[in-house]
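For reference, the structure discussed in these notes is given below.
The values are calculated or read from the model by the stated rules, or taken from the named source; none is laboratory data. On a predicted model such as this, the values are computed, not experimentally measured, just so you know. Positions of Cβ are generated from backbone atoms using ideal geometry, with glycine treated the same way; all protein chains shown enter the neighbour counts.
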Amino acid sequence: MHDLLGGPGVPCTECQAGNMHRQYLTFFTYLDDELVTVPNFPAWVCDLCGRREYDTRALNQLVLILSPNAGKPPRRRGRAPKRILRREKLSRTGKLE
């Protein structure tokens, strides 16, 4: 959805009569039992019915920030022991040595 310099916007998927325009709103969500608010969060809002669709890219970034593993180094998986493969040598006669 691109609102090019205040242009007509994109048709609303809810009412199909209004146009979606980019605005910056306060986003609310819960993280466990805590209310988290994010001011100036990008969203697309219908000028007729008021439907809100939050910017997908910004939501993905917020999910990364609010992740319980944010800022922690990635966990390394334990390595399987290396197998030592022995090559059996064939003698010139074709017998194993």
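Overview of values
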{"quantity": "Number of the condition not met by P39 [criteria: (1) at pLDDT 95 or above; (2) part of a loop (DSSP other than H, G, I, E, B)]", "calculated": "(2)"}
{"quantity": "Residue among Q23, Q16, Q61 that alone is modelled with pLDDT of 90 or more, part of a loop (DSSP other than H, G, I, E, B) and surrounded by 10 or more Cβ atoms within 10 Å (Cβ to Cβ)", "calculated": "Q16"}
